[in-house]
1. Compute the FRET efficiency between residue 222 and residue 47 as 1/(1 + (r/R0)^6), taking r as their Cβ-Cβ distance and R0 = 41 Å, and round to the nearest 0.05.
2. Relative contact order of the chain: what whole-number percent is it, with Cα pairs under 8 angstrom and at least 6 residues apart?
3. When the chain is modelled as a GNM with alpha-carbon springs shorter than 10 Å, which of 293, 272, 157 fluctuates the most?
4. Relative contact order, percent, of segment 55-111 when contacts are C-alpha pairs under 8 Å separated by at least 6 residues?
5. Quick check: the angle from helix 190-207's long axis to the longest principal axis of the chain, C-alpha only, nearest 10 degrees?
6. May I ask for the angle, rounded to the nearest 10°, between helix 147-163 and the longest principal axis of the chain, with both axes built from Cα atoms and the value confined to 0 to 90°?
7. Please report, in whole Å, how far the alpha carbons of segment 50-195 spread along each principal axis, starting with the longest.
8. Over 35 Å apart: what share of the alpha carbon pairs of the chain falls there, rounded to a whole percent?
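Since every read-out is calculated from the coordinates, none of them should be taken as a lab result. All values derive from a computational prediction rather than experimental measurement. All Cβ positions, glycine included, derive from the backbone under ideal geometry; neighbour counts span all protein chains shown.
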Ligand code: ATP
Ligand code: MN
Ligand code: MN
């Protein structure tokens, strides 16, 4: 992996060298943010970002013509990716396909060179794809929902999970909403996780039908928050913490401590500039301790009427 003429070696000797073509190409037209700046972002947050996706199948949102032009989701490995592992996994149709698995910084930077802007991991590792180790409750506010209500919804989920003895974590999506993340260790089969997440969302919608919906149809969502439980199945993804979003303003999905959620103004409160500034001050990840937590769904059983 050598530099090209268009890509002079970086001043920072600690930075892994990688090939970057068209570094001056504009990726975010409204902000004038270039491909070089996107690459600089990912290398500057690498120590935090890499663990979020390493070893998991990951889907990419690739934007070859920049934000505002059509982007496409890619979940399969393709020719030309030298640093990204191809891991064979079975698909719903019964066939096998090569999935993308990142293991190091060089793989991330190769994908950036391939115009990947967003990174969306599975809630499972590639070596145990049938065992979920992260459940994501994706809070999607419909039209006319105040941000304070999205925050309240996240806290409500946290409180309900706490009653079940389960610790959870929160992040901004970089878009409209929040994600509440529930780690499982040991991991749990998707056929347990999926009905649990669905039953949990249904229970919230039944208890407070004016605030929450748990059905995927869009028409009943005005003024309500959709508790999107559909992120929780084999092959489903949600955006990685620290991933850029292909949306105006170059926002970033940002993990938070629960005690700082009240000071955050929106799902897109952090962006390509403010995120690294915030992270430079960190001594610890806002989700510090998540990997040491031992909890699973065994003790929950059918508490929520979540029968498959
Ligand atoms: P927002 O807060 O604006 O809802 P979000 O990232 O939660 O941002 P959603 O539309 O709720 O966006 O989608 C949730 C997740 O579903 C995404 O993060 C992504 O991983 C997955 N997803 C969305 N669109 C696609 C797609 N076309 N193909 C595959 N997965 C997708
Ligand atoms: Mn969402
Ligand atoms: Mn959603």
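1. Efficiency computed from Cβ-Cβ geometry: 0.45.
2. Details: 625 pairs, mean separation 56.7, N = 308.
Relative contact order for the chain comes out at 18 percent.
3. In the Gaussian network model the winner is 293.
4. Details: 89 pairs, mean separation 19.6, N = 57.
Computed over segment 55-111, the figure is 34 percent.
5. So the helix axis and the longest Cα principal axis differ by about 60 degrees.
6. 60
7. Cα spread of segment 50-195 along its principal axes, largest to smallest: 47, 38, 30 Å.
8. Roughly 19 percent, once rounded to a whole number.
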